[in-house]
Amino acid sequence: MCFFTLRISPKIHCLVCFISVPILLWAFYLYSRGSVQNSIAIMRSDNTAAVMKTQTYVVEVKHCSNKDSWTVGNLLMPTGLIYAQPSTQRGRTDVNCVTNWNVPLVWEGTFDPVVIDAIYKKTDPRVGVMVFAVGKYTRFLKGFLETGEKYFLTDFRVTYYIFTDSEKDVPAVTLGEGRKITVLPVPSARRWQEVVFGRMKWATMTIDKQIRNKTDYLFLMDVDSLFYHRFGAESFSRLSAVLHRGYYKRTERADFPYERRPESRAYIPVTEGDYYYTAAVLGGYLEDIYNLVRYCYEQSEEDARNNIEAVWQEESHLNKYLLYNKPTKVLSPEYLWSDYDKVPADVKVVRISQLKKNYAEVRPNGGH
């Protein structure tokens with residue numbers, strides 16, 4: 001029997017080899033496939049964890065369908081334009097003109113208005129300006145609109161989106177070519193804090209549902225202001241923020257009026273901070289402004305659920321957002337001064353300024 005087995009074993013051996021090779025290859029394929037899938041699953045899990053860690057500061061981007069139709073980056077200039085030759089040796093030396101993340105900090109004397117306006121007029125952006133005129137603040141609309149027509153992005157297409165609880169008080173103002181007013185009704189407010197928080201809510205809803213395909217670049221501004229000098233295309237970038245006039249010179253970051261209570265979603269530790277920005281003027285690509293206002297709205301709602309209100313309402317959440325989502329251009333206090341304050345030597349021109357007013361008289365809860 002053993003002799004017989006030894007004689008036929010070569011044939012059996014060949015047959016076994018013939019059958020086993022495909023089986024081994026198939027098993028190797030299944031093993032490899034399982035390993036790759038496990039690796040992908042692990043990578044996805046790691047990515048998910050990373051995203052969850054950043055949710056505190058980063059807002060999901062919701063792209064506008066017409067985002068590619070206009071960009072700040074198209075720096076094309078018409079031929080034949082006459083302007084002063086730029087210099088690498090002369091310029092502002094009394095102020096800093098660049099941030100530590102290497103974006104412009106814009107002052108008078110750091111740009112040529114002829115060049116900058118010519119470049120961006122060529123891109124022909126649709127500019128929106130949101131202002132809120134609720135209650136007695138409708139009295140400021142006429143001055144804001146009339147001076148805006150004189151100084152704000154003249155010869156650009158501009159739509160003023162006016163949020164108000166009193167449409168009849170929106171004044172008839174002569175507008176330039178390509179410029180118009182759109183009135184959007186909002187409820188009245190019992191507290192002025194409701195108005196400032198409501199700005200982020202109504203801006204978020206309006207962008208999402210009404211103007212996503214109607215505007216390329218959007219500003220949010222306070223209506224109780226007047227324009228005094230050109231406010232031009234030098235303000236354009238993906239996200240432009242304005243330095244608060246009260247804290248731009250020698251204030252230490254520990255002394256910025258950030259929200260310091262850890263219970264608030266606007267909390268910033270005393271060891272962190274770049275600048276203190278005003279919420280009264282900001283601008284940017286529609287989608288970037290949408291991300292900012294939605295963040296501020298959602299974070300303030302989370303605070304409300306926890307029975308807390310940030311120290312400076314939406315401005316506190318704005319500063320938290322801009323600390324971790326850096327603006328691509330910082331505008332000097334020229335872009336929002338106040339009639340209450342003396343103009344210092346480093347502010348060569350006041351482009352827009354907030355008006356003096358009796359807060360106790362114009363605010364619904366007497367300014368408190």
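Listed values, structure above:
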read-out: Unique match (being out of contact with any helix residue (DSSP H, G or I) (no Cβ under 7 Å at 6 or more places or on another chain) and under 24 Å from E301 (Cβ atoms)) among G143, G109, G148, G135; value: G135
read-out: Every residue from the range 309-338 that is of a type in the set (D, E, K, R) and in contact with a Ser or Thr (Cβ under 6 Å, 6 or more places away or on another chain); value: K329
read-out: L239 being touching a Gly at 6+ places or on another chain (Cβ under 8 Å), assigned by TED's automatic domain parsing to the domain that holds W101 and farther than 16 Å from L318 by Cβ; value: no
read-out: Qualifying residues in the range 124-134 (those that are buried (at least 19 other Cβ atoms within 10 Å of the Cβ) and at pLDDT below 95) - the one farthest from K168 (Cα to Cα); value: P125
read-out: Residue match in the range 334-350 (condition: crowded, with 16+ Cβ neighbours inside 10 Å, modelled with pLDDT of 95 or more and under 18 Å from the mean Cα position of the chain (by Cα)); value: yes
read-out: Tally of residues being within 16 Å of T159 (Cα to Cα), touching a strand residue (DSSP E or B) at 6+ places or on another chain (Cβ under 7 Å) and part of a loop (DSSP other than H, G, I, E, B) across the range 210-231; value: 5
read-out: Options W107, W101; residue that is over 23 Å from R179 (Cβ atoms), touching a residue at least 12 places away in the same chain (Cβ under 8 Å) and surrounded by 15 or more Cβ atoms within 10 Å (Cβ to Cβ); value: W107
read-out: Residue list for the range 156-191, filter: surrounded by fewer than 13 Cβ atoms within 10 Å (Cβ to Cβ), touching an Asp or Glu at 6+ places or on another chain (Cβ under 9 Å) and either charged (D, E, K, R) or touching a residue at least 24 places away in the same chain (Cβ under 8 Å) (or both); value: T174, E177, S188
read-out: Index of the failed condition, I207 passing every other in (1) buried (at least 23 other Cβ atoms within 10 Å of the Cβ); (2) over 14 Å from the mean Cα position of the chain (by Cα); (3) assigned to a helix (DSSP H, G or I); value: (2)
read-out: For V173: the one exception among (1) in a loop (DSSP other than H, G, I, E, B); (2) at pLDDT below 95; value: (2)
read-out: Residue satisfying condition, being touching a Leu at 6+ places or on another chain (Cβ under 6 Å), within 24 Å of D274 (Cβ to Cβ) and among the charged types (D, E, K, R), within set D288, D303; value: D288
read-out: Checklist (1) of a type outside the set (S, T, Y); (2) surrounded by fewer than 16 Cβ atoms within 10 Å (Cβ to Cβ); (3) at pLDDT 95 or above applied to E361, failing item; value: (3)
read-out: Hey, E314 assigned by TED's automatic domain parsing to the domain that holds E146, at pLDDT below 95 and within 19 Å of the chain's Cα centre (by Cα) or not; value: yes
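The values are calculated or read from the model by the stated rules, or taken from the named source; none is laboratory data. Source: prediction; values computed, not measured. Every residue, glycine as well, gets a Cβ built from its backbone with ideal geometry; the counts of neighbours run over all protein chains shown.
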